[in-house]
1. Can you say whether A:G151 is surrounded by fewer than 20 Cβ atoms within 10 Å (Cβ to Cβ) and touching a His at 6+ places or on another chain (Cβ under 9 Å), as far as the supplied structure shows?
2. Can you confirm whether the range B:256-268 contains a residue that is closer than 22 Å to A:G116 by Cα and in contact (Cβ under 8 Å) with a residue 12 or more places away in the chain?
3. Between B:S267, B:S279, which is more than 9 Å from chain A (Cβ to nearest Cβ) and over 17 Å from B:V237 (Cα atoms)?
4. Given A:T175, A:T182, A:T141, which one is exposed (fewer than 14 other Cβ atoms within 10 Å of the Cβ) and either β-branched (V, I, T) or touching a helix residue (DSSP H, G or I) at 6+ places or on another chain (Cβ under 8 Å) (or both)?
5. Name the one entry in A:D81, A:D177, A:D121 that is touching a Ser or Thr at 6+ places or on another chain (Cβ under 7 Å) and within 9 Å of chain B (Cβ to nearest Cβ).
6. Here's a check for you: in the range B:148-169, which residue that is part of a strand (DSSP E or B) and either surrounded by fewer than 20 Cβ atoms within 10 Å (Cβ to Cβ) or in the same structural domain as B:L273 (by TED's automatic domain parsing) (or both) is modelled with the lowest pLDDT?
7. Somewhere in the range A:195-217, is a residue within 11 Å of chain B (Cβ to nearest Cβ), hydrophobic (A, V, I, L, M, F, W, C), out of contact with any Gly (no Cβ under 9 Å at 6 or more places or on another chain) and loosely packed, with under 14 Cβ neighbours inside 10 Å?
8. Suppose we filter B:A95, B:A108 for residues that are within 22 Å of B:I187 (Cβ to Cβ) and not assigned by TED's automatic domain parsing to the domain that holds B:S257; which single one remains?
Amino acid sequence: MKIAVCLKRVPDTTAKIVVGGDGKSIDESGVKFVPNPYDEYAVEEALKLKEAAGAGETVVYSLGTDASQETIRTALAMGVDRGVLLQSPGSADGLEVARALAAELRDGGFDLILFGKMAVDDSNHQVGAMVAELLGLPCITAVSHLTIADGAVEADREIEGGVEVSGCALPAVITCDKGLNTPRLPSLKGIMAAKKKPLEVKPVSLGGGSVTVVSLVPPPERKAGRIVGEGIEAVPELVRLLRSEAKVI
Amino acid sequence: MTTILAITEQRGGVLRKVSHEVLTAARRLADAMGGTADALVIGEGPVGGADLLGGYGADRVLVASQAGFGLYSPDGYAATVASVGAQYAAIVFAATATGRDLAPRVAARLGVGCATDVTDFAVEGGKITVTRPVYAGRALQRLALSGAPAILSVRPNTIAALKSTRAGEAVALPVPAFIARVTVREIKAPAVAALDVTEAAVVVSGGRGLKEPENFRLIEDLAAAFGNAAVGASRAVVDAGWRDHGAQVGQTGKTVSPGLYVAVGISGAIQHLAGMRTSKVIVAVNRDKDAPIFKVADYGIVGDLFEVVPRLAAEVRKLRSEG
């Protein structure tokens, strides 16, 4: 089984976000970057599927600047066979990113292309499905349970108030949600091995796109709240405020 | 004439509430751009509530009906929207499980970008700009959409549905031929029917302060007292296996914007705040007066949740029974 995983380098989920001097992007100084958490589910799933198949190849793709090489190495340390960096500063337009990935993946002969359901930086939730559309492949997004047998995919995805069960044939694109698996940590042996694994760098140039960033600003501060009181004595006053001031009961 | 298309959603042959929010957004765009708004209803046979969409601002209601469209068909729905999409100045989706899957597919088919999970929008110089939370709510991004059509999805509960009397003239929309690559077989309902945290008007969430998974019954009881509340959970208790991850509010869970969010025994880690800070009113109950949750809470009670929560449930029940 030949499996591609698309991986994005993102700020750590606990990083303090400061708007940069351009007013459109973040100030990266002092920010720790990590592989996108949802993409780690994709990496783990690829490794599990290859192990279960007993043969095959896993390849990780990342579109980003040279700094993304470190992110790719993390996936290689987890066990992915080789990596490809599509060298580009990226785009606010997910379709431009999808076009570059699709062009690279089109002739790769993959049985399965895995993404995280979204990246936790821009929360776009779109590139996986777009790549599938561009390649004319079946796609199931935000998958929290996956079974692959005899070339057929069965997947569960969480929807509001239920679970949607769908199926498709391979080759396919799947985007991964939390709950799919528990990503392994790179072992020391894996980290050493990753240094010797192939990592190809390919410059790509993205189109201008139809989505552009106008500005990035901090979220509005919530106006300071108040402690209504301590213990159960405060409950009647809280309920009164919720009814007469906040008007939510 | 500039026209805006609203993509409604149905489940079990009945329009979902978020459809009114999507249509309201489309109506506002149409009014700002001096145009008309169409609502698209995709389903199998008659869809309950489709005839009332004029009351939420639809000049026309396009009805695409086909066997198999009762459940979501990623390829069929995408083909249907794409078949008329190029005629519109903008297409508005809901940022729901379905809309998040469908919007990028349509965008790719029409060769334009899209802006997902939008919480506000404006029309400036005939162009649409949108505001959306990024970095899990730690920043707001404004995007200019120059695609024709502009494609956006709006976050549920952020655009208040507005009544607006229009003709809502029903027009049958033929479904184009398409290749069904993915088949949705069924929707499995949870063992206990539960409101989803992203859609409920009130969300009551519990965290590690509950000490034991059994104690979530306190949270469930408080949610029941509000009547229309969903039960949420912090990452800590989801990771500990107390609750399904579908209930998780936060950066790697769901982002919610209910009218009222009650955080019980949740300290307020940055990644939890990311998921609920856009709630209209936040209440926190925590024994630690220095817990970060109190920095975002409109109303806080410092105290033992095992005493406060049952009393709160009782008081809310009393008040609601009085009307």
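The values are calculated or read from the model by the stated rules, or taken from the named source; none is laboratory data. All values reported here derive from a predicted model rather than from experimental measurement. Because the Cβ atoms are built from the backbone with ideal geometry, glycine has one as well, and the counts that use them run over all protein chains shown.
1. Considered against the rule, which asks whether it is surrounded by fewer than 20 Cβ atoms within 10 Å (Cβ to Cβ) and touching a His at 6+ places or on another chain (Cβ under 9 Å), A:G151 comes out as no.
2. Within the range B:256-268, one or more residues are closer than 22 Å to A:G116 by Cα and in contact (Cβ under 8 Å) with a residue 12 or more places away in the chain.
3. That would be B:S279, the only listed residue that is more than 9 Å from chain A (Cβ to nearest Cβ) and over 17 Å from B:V237 (Cα atoms).
4. A:T182
5. A:D177
6. B:S164
7. no
8. B:A95
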